[in-house]
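To start, the structure under review is shown below, and the notes come after it.
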Amino acid sequence: MQSRRDHCKKKSKDRKSSRRWRRYNAVKQKMERKQSNQFKDFQHKVSRKLVENTRAGTIIIGNLSVKKMPKSQSATRQMNRSTQGAGYLARFAGFLTYKATLR
């Protein structure tokens with residue numbers, strides 16, 4: 001959708017964005033929202049299963065310094081790309097924390 005949208009005219013000097021651009025943009029936003037909701041739902045389900053199936057009283061989560069990772073000497077292109085979604089890790093840790101305290 002994004003590549004189709006990018007081939008349309010967004011704005012001209014005296015006009016608003018084209019109808020096709022607006023339609024593709026609305027569809028793209030809807031797809032992104034759906035993807036985000038699906039991932040959030042997956043994290044909720046996995047965190048619930050982890051908390052319910054843990055026999056020990058503690059769950060340990062590592063502390064990653066994502067800002068320092070790309071600057072390290074062992075950083076590779078693939079590692080830099082994989083750390084871009086690290087915000088999801090913090091959200092998952094939050095889910096685990098509050099579900100474990102409720103349990």
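Laid out as a table, the results:
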item: Ranked LEU96, LEU50, criterion: other C-beta atoms within 10 Å, fewest first; result: LEU50, LEU96
item: Where Rh is the Kirkwood radius over Cα pairs, Rg/Rh for the stretch 1-57; result: 1.40
item: Summed side-chain charge close to LYS49 - residues other than LYS49 whose Cβ falls under 15 Å, Lys, Arg +1, Asp, Glu -1; result: +3
item: Separation of the SER18 and ARG77 label points, Cα + 7 Å toward Cβ, nm; result: 3.3
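Quick note: the coordinates plus some simple rules give every number you see, no bench work behind them. Predicted, not measured: the structure shown is a model, and the values here were computed from it. All Cβ positions, even for glycine, are placed from backbone atoms using ideal geometry, and neighbour counts span all protein chains on display.
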